[in-house]
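Since the structure comes first, as structure tokens, the remarks are kept for the end.
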Amino acid sequence: MQLDPVAIIHSPYKQKFAIPRQPGLVSEAVGQIEFMPEYSDPNILRDIEQFSHLWLLFEFHQTAGQGWSPLVRPPRLGGNRKMGVFATRSTFRPNAIGMSVVELIDWQYQHNKLLLNVKGIDLLDGTPILDIKPYIPYSDAVPDAKGGFAATEPPQNTDINFSQTAQQQLDYYQQHYPQLEALIRNVLAQDPRPAYKKNNTDTQEYGMTLYDCNIRWQVIAGHCLVLSIEKAAN
Ligand code: SAH
């Protein structure tokens, strides 16, 4: 079987590091799905606004060539327990296909481009979209389902402050990206550091790229401090 992407997504997440583990955790993360020319027919989206949420099926294109193994260590379990690959949402799978429920914002057809805007994404910029389907609550939502090791939302760290410098830089970038502060806060609330760092003294500075901003931060004794927000080098 050969799959032919129908679209690619433009996402504020420019690198894997710091992307939340699942969609919906950071609702400010807005993605624009741009259809390939051969699928840029507005008829393919007719009546899609009847649905509030959509399933995206996509290729984990950045890690697709890196193989897989039957057992994986989910970061959620601190990286020290092995589980069957099909008992996890690991990106390293026999077929590197991801699936995410996202919220539909709207869509446009302009200058022969078909664009679908969605929020709450957990996809890397440039991810090939293989398919899009409406989310059907009566069947897709299973309120009594068991969630195994991922039964509840991961704990959040809301103790996030901006240094004076970072605050000034934020005020500047917010003019372009009004959602930037909320996006940074909610991404950092997921504490993207590797699990083994979380319970130890960690003086390391971390960096992540959101939109075209390079954001540096550190976590000292549970307090997250954003140090700077600068234009990322392309
Ligand atoms: N909701 C999806 C993804 C879960 S794994 C699913 O359940 O299938 C989430 C991780 O996927 C994120 O932390 C991010 O680092 C990774 N990811 C997102 N887009 C990717 C891509 N195009 N290539 C490789 N990894 C990607």
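None of the figures in this text is laboratory data; all of them are computed from the coordinates on show. Keep in mind the model is a prediction, meaning the values are calculated, not measured. Here the Cβ positions follow ideal geometry from the backbone for every residue, glycine too, while neighbour counts run over all protein chains shown.
Some observations on this one:
- Dipole magnitude (debye, nearest 20) for the chain, charges at Cβ of Lys, Arg, Asp, Glu: 1060 debye
- Estimated distance in nm for a label pair at Asn161 and Gln174, the labels positioned 7 Å out from Cα along Cα-to-Cβ: 1.8 nm
- Cα-Cα separations in segment 67-156 greater than 21 Å, expressed as whole percent: 50 percent
- Positive-end residue, segment 1-133 charge dipole about Cα centroid, Cβ charges, pick of Leu116, Asn95, Tyr39: Asn95
- Estimated FRET transfer efficiency when R0 is 35 angstrom, pair Arg76-Phe51 (beta carbons, to 0.05): 0.75
- Charged neighbours of Val85, selected by a Cβ distance under 11 Å, balance to +4 (K, R count +1; D, E count -1).
- With neighbour counts taken as other beta-carbon atoms within 10 Å, the residues Thr152, Thr158, Thr91 rank, fewest first, as Thr152, Thr158, Thr91.
- Whole-Hz couplings from phi, Karplus 6.51/-1.76/1.60, listed for segment 152-160; x for Gly and Pro: 10, 4, x, x, 10, 9, 9, 7, 10
- With the simple spin-label model, which puts each label point 7 Å out from Cα in the Cβ direction, the Asp131 to Gln108 separation comes to 3.0 nm.
- Shape category assigned to segment 129-234 from the gyration tensor of Cα positions, a/c cut at 1.5: oblate
- Computed from the alpha carbon atoms alone, the convex hull of the chain holds 153 Å³ per residue.
- Two-site FRET efficiency, Asp140 against Gln66, from Cβ-Cβ distance with R₀ of 30 Å, rounded to 0.05: 0.50
- Length gained on full extension, Ser40 to Glu230: 64.9 nm, using 0.36 nm per residue less the C-alpha separation.
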